[in-house]
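The values are calculated or read from the model by the stated rules, or taken from the named source; none is laboratory data. As the structure is a computational prediction, the values presented were derived from the model and not from experiment. Cβ: placed from backbone, ideal geometry, glycine included. Neighbour counts: every protein chain shown.
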Amino acid sequence: MKARVFLILCALSCIFTLNAVDHSAKLDALKAVEAKGIENPDLFNDIGLANYHLNRPAQANLYFLKALNLNSAHREAAHNLDFVCRLSRDRELYPQRQFLETVFYGIYDFFNLNRAAIAALIMLLLSALCLHWLMHCDPDKERGLPTLLLIISLLFLLFFSGLTATKAYRMSHNNKAVVKSDNTALYSRPERTARSSIVVNEALVVLIGEHQADWSRIILPDGSSHWVPSSALLAVR
């Protein structure tokens, strides 16, 4: 009986070892592609998955965030990021969104940069058509409908143009970061002698508010603000 148990444990150990080697080789291949300067959300998502299987949650979350930075509508990256965050020891720091918040962020994420730009172009075309219709409308006929459609088209054009500009800015100025390791102390001031206010763990997603020398002021998911050495963070940009 003991011999059978030993053989089973040896077999499982071999399987896990081979699996780790496989993911390590896959990660090396994906990183080689990234090293060529290729930025692709699917590539970043795959790198994140390989890191997760190698028990590197901080690196995994970093690449899931990079994928979402390029394409906020990337469902797999969003699902994987949410999955890792739910398993985090700091999961209680992430707020539970209300229904309307969930709907709003769902719509915001659905319109990635490309979709927002295409929607803005469509609204521009519709606005031009409505303006043409209004200008060449028979003066003896009611102009209420073309005027209403023109106003609606212009409002949507303004909305999608602003959304496109916002997406483009946030893509190039992403201030999200990931805590690099467990038991990372946060401070009330950018000084080692300052009182440690809280301890957080690996893979926690935070926002970088500002930099001061080798320190960064971060905002936790619960909205609280703290200071941490910049070397303790993995920044998306």
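Determine whether region 95-118 contains at least one residue that is without any contact (Cβ under 8 Å) to a residue 24 or more places away in the chain, part of a loop (DSSP other than H, G, I, E, B), farther than 23 Å from ILE218 by Cα and among the polar types (S, T, N, Q).
Checking region 95-118: at least one residue is without any contact (Cβ under 8 Å) to a residue 24 or more places away in the chain, part of a loop (DSSP other than H, G, I, E, B), farther than 23 Å from ILE218 by Cα and among the polar types (S, T, N, Q).
Which number in (1) assigned to a helix (DSSP H, G or I); (2) over 27 Å from the mean Cα position of the chain (by Cα) marks the one condition that GLU142 misses?
GLU142 satisfies all of (1) assigned to a helix (DSSP H, G or I); (2) over 27 Å from the mean Cα position of the chain (by Cα) except (1).
Please find, among ILE219, ILE208, the residue that is among the aliphatic types (A, V, I, L, M), buried (at least 17 other Cβ atoms within 10 Å of the Cβ) and under 25 Å from LYS66 (Cβ atoms). Before the answer, list the steps.
Details: ILE219 fails: buried (at least 17 other Cβ atoms within 10 Å of the Cβ).
One residue alone meets the criteria, ILE208.
Restricting region 51-101 to residues that are closer than 16 Å to ALA203 by Cα and aromatic (Phe, Trp, Tyr), which is farthest from the chain's Cα centre (by Cα)?
Only one residue fits best here, namely TYR52.
Being surrounded by 15 or more Cβ atoms within 10 Å (Cβ to Cβ) and at pLDDT 95 or above is the filter here, so list the residues in region 116-133 that pass it. Please lay out each step first, then the result.
First pass over region 116-133, keeping only residues surrounded by 15 or more Cβ atoms within 10 Å (Cβ to Cβ): 116-117, 119-120, 123-124, 126-127, 130-131, 133.
Answer for region 116-133, where residues must be surrounded by 15 or more Cβ atoms within 10 Å (Cβ to Cβ) and at pLDDT 95 or above: ALA116, ALA117, ALA119, ALA120, MET123, LEU124, LEU126, SER127.
When you check ARG89 against the structure, is it within 26 Å of LEU62 (Cβ to Cβ), in a loop (DSSP other than H, G, I, E, B) and modelled with pLDDT of 90 or more, yes or no? So that I can check it myself, show each step before the final result.
Details: within 26 Å of LEU62 (Cβ to Cβ): yes; in a loop (DSSP other than H, G, I, E, B): yes; modelled with pLDDT of 90 or more: yes.
Considered against the rule, which asks whether it is within 26 Å of LEU62 (Cβ to Cβ), in a loop (DSSP other than H, G, I, E, B) and modelled with pLDDT of 90 or more, ARG89 comes out as yes.
Spot the failing condition for ALA168; the list is (1) small (Gly, Ala, Ser); (2) loosely packed, with under 15 Cβ neighbours inside 10 Å; (3) in a strand (DSSP E or B), and only one is missed.
All conditions are met except number (3).
Confirm whether ALA177 is modelled with pLDDT of 90 or more, surrounded by 13 or more Cβ atoms within 10 Å (Cβ to Cβ), over 29 Å from ALA73 (Cα atoms) and small (Gly, Ala, Ser).
Numbers: modelled with pLDDT of 90 or more: yes; surrounded by 13 or more Cβ atoms within 10 Å (Cβ to Cβ): yes; over 29 Å from ALA73 (Cα atoms): no; small (Gly, Ala, Ser): yes.
No; evaluated as a whole, the condition is false for this residue.
Among what's in region 27-50 and is within 20 Å of LEU81 (Cβ to Cβ) and of a type in the set (D, E, K, R), pick the residue that is surrounded by the fewest Cβ atoms within 10 Å (Cβ to Cβ).
Here is the first cut: in region 27-50, the residues within 20 Å of LEU81 (Cβ to Cβ) are 27, 30-31, 34, 39-50.
From what is left, the residues that are of a type in the set (D, E, K, R) are 31, 34, 39, 42, 46.
Numbers: LYS31: 13, GLU34: 15, GLU39: 11, ASP42: 13, ASP46: 20.
Per the criteria, the residue is GLU39.
Can you run down the residue pairs with Cβ atoms below 7 Å, 6 or more apart or on separate chains, where the first is in region 145-165 and over 26 Å from LEU113 (Cβ atoms) and the partner is modelled with pLDDT of 95 or more and surrounded by 13 or more Cβ atoms within 10 Å (Cβ to Cβ)?
LEU150/SER127
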